[in-house]
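Each value in this text was obtained by applying a stated rule to the coordinates, not by laboratory testing. Owing to the predicted nature of the structure, the values given are computational and were not obtained by experimental measurement. FYI the Cβ positions are ideal-geometry reconstructions off the backbone, even for glycines, and counts take in every protein chain you see.
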Amino acid sequence: MDPIREFELQVTRRQLFGKTASAVGTAALASLLTPEAFADSLKGAKNSGLHGSLKALHYPARAKRVIYLFQSGAPSHLDLFDNKPGLESHRGIELPDSIRMGQRLTGMTSGQKTKPVAPSIFKFAKHGKSGAELSELLPHTAEVADHLCIIRSMHTEAINHDPAITFIQTGSQQPGRPSIGAWMSYGLGSENQDLPAYIVLISQGTGNTNDQPLFGRLWGSGFLPSVHQGVKLRSTGDPVLHLANPPGVDAASRRKLLDAVDAMNRMEKAEFGDPEINTRIAQYEMAYRMQTSVPDLMDLSKEPASTFEMYGPDSHKPGTFAANALLARRLLERGVRFVQLFHRGWDQHGNLPAQLRNQCRDTDQPSAALIKDLAQRGLLEDTLVVWGGEFGRTVYSQGELTKDNYGRDHHGRCFSVWVAGGGIKAGTIGETDDFGYNIVKDPVHIHDLNATILHQLGINHERLTYRYQGRDYRLTDIAGTLVKQAIS
């Protein structure tokens, strides 16, 4: 039975003209409400090689692609990047009210009777020509210090994980907005027709193995067309669910089936004018091409032993941060625009020294290896690498403070991230007070960081917008200032 012919036989001449008239009106309305769905007809020779909604870049791009190494759970800036040696003289002393200044606390320490100052037990040293101070827990990161721009004055309004991660990923603490990778895909499109523009890889750290979950909306497309959502690659089984053909179905049969589905989808699109049908058509075709491209991507057998040695022993283990970092480089080589690694396990409310050692053992060597690998392949100069979490940790101890053990609660007033490559200038930006609790110089909001990421890709963050429910939305909401000190 031919399903297309069966459908045609059910359509009378009067029904045909009626549906054609309504479809034209619907298409006209859709073109006004969602012009990006009709962007193909607007693209011309002056498109500068872009495949997204932008017809041309707003600035000369310093970066073509992004790797975002997101450390879910919030790394302790005080134990990794923000050295406060003077805190030792305050060990165990109650955090002064003049420092806290009535800050809102989480429910985990708001009722804690005392808030004793907990200096880091880890040693710091200066590294590279920039003199960047880094913890002893980051010996490999120290080797690439002269590539890093360390921002010690990041801040956010959120104090709990889910709203904080949602905020830094989408520009809003409320779910429903597009993620940064989806905005990138929407604006710039993909450079590889065989892989999505935005791919996500997730790993579980050996720090806090009971860390908070990650939700798919963190790499979702929100109200943007769903073709721009991140595609998560799995570490076990099929990298993408249902990507392989079922038993008894060969490539030719799959192609014939997809051609029939495509024809029916196009008829449905002509009848109803729903732009999401375009997404459905595109995703069927992408899935078909990924059946060949993804197995080749995941096959690491041709990587030399020196590569695995550089990324560390965990790079042989699928699903680890090290293996994902190596895959991220391979994705960039294949033209993927935005690759995001989510690494869980950074939520050290207790037993911080032991957990943080494990967590840094997961991430330090592969993060540095990624920088070295990109640099030696000539990719770092036009690749932006971002490393950081959703907020920082408190200077006071959560729970009992002992000589060699303590925990830290959430802290949004200041935290540290680092950025490298893609026209970024190495060095250190921002300064916190003697307690690492408040910013005293060059504050950088998460909207500022996102605005700067877009700028390095040639995008004015105020001009990459999408009209939804009568309002023009953007990643940085109604805020965002470039971090000019970070731009070379």
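Stretched out straight at 0.36 nm per residue, the stretch from GLN212 to GLU271 would grow longer than its current Cα-Cα span by 16.8 nm. For the chain, the longest principal axis of the alpha carbon atoms and the long axis of helix 321-333 meet at an angle near 50°. Each of PHE124, PHE215 was scored by other Cβ atoms within 10 Å of its Cβ. Listed from fewest to most, they are PHE215, PHE124. If you take the Cα centroid of the stretch 164-236 and the Cα centroid of the stretch 396-471, the two points sit 19 Å apart.
Rounded to the nearest 10 degrees, the angle from helix 13-33 to the longest Cα principal axis of the chain is 30 degrees.
Amide H contacts for GLY458 (H built 1.01 Å from N in the peptide plane; partners 5 or more residues away or on another chain; cut-off under 5 Å): ARG62, ALA63. With θ taken as phi - 60° and the Karplus curve 6.51 cos²θ - 1.76 cosθ + 1.60 applied, the whole-hertz 3J(HN,Hα) list for the stretch 303-310 is 6, x, 4, 5, 5, 5, 5, 5 Hz, x standing for glycine and proline.
Consider a paramagnetic label point 7 Å from the Cα of ARG471 along Cα→Cβ; state which residues of the stretch 204-228 have an amide N under 12 Å from it. Answer for this model: none. By its C-alpha gyration tensor, with a ≥ b ≥ c as the square roots of the eigenvalues, how is the stretch 352-484 shaped: rounded for a/c under 1.5, else prolate for a/b larger than b/c, else oblate? In terms of gyration-tensor shape, oblate. Direction-averaged projected area, Cα convex hull, the chain: 25.9 nm², rounded to one decimal.
Charge dipole of the chain (Cα centre as origin; +1 on each Lys and Arg Cβ, -1 on each Asp and Glu Cβ, all else neutral): 760 debye, rounded to the nearest 20.
For the pair VAL440 and ASN405, label points projected 7 Å from Cα toward Cβ lie 3.4 nm apart. As a length-normalised measure over Cα pairs under 8 Å and 6 or more apart, the relative contact order of the chain settles at 28 percent.
Cβ crowding within 10 Å, taken as a proxy for footprinting-reagent exposure, orders THR307, THR141, THR109 from fewest neighbours to most as THR307, THR109, THR141. Using the Cβ-Cβ distance between ASP296 and LEU257 with R0 set to 25 Å, the FRET efficiency works out to roughly 0.60.
Taking every DSSP bridge with both residues inside the chain, close to 45 percent are antiparallel.
Arranged from fewest to most other beta-carbon atoms within 10 Å of their beta carbon, SER306, SER135, SER120 become SER306, SER135, SER120. Using a cut-off of 32 Å between Cα atoms, the listed pairs LYS115/LYS425; LYS232/LYS269; LYS55/LYS129; LYS317/LYS372; LYS113/LYS484; LYS55/LYS269 include LYS115/LYS425; LYS55/LYS129; LYS113/LYS484 as exceeding that distance. Principal-axis analysis of the Cα atoms of the chain puts helix 352-376 at an angle of about 60° to the longest axis.
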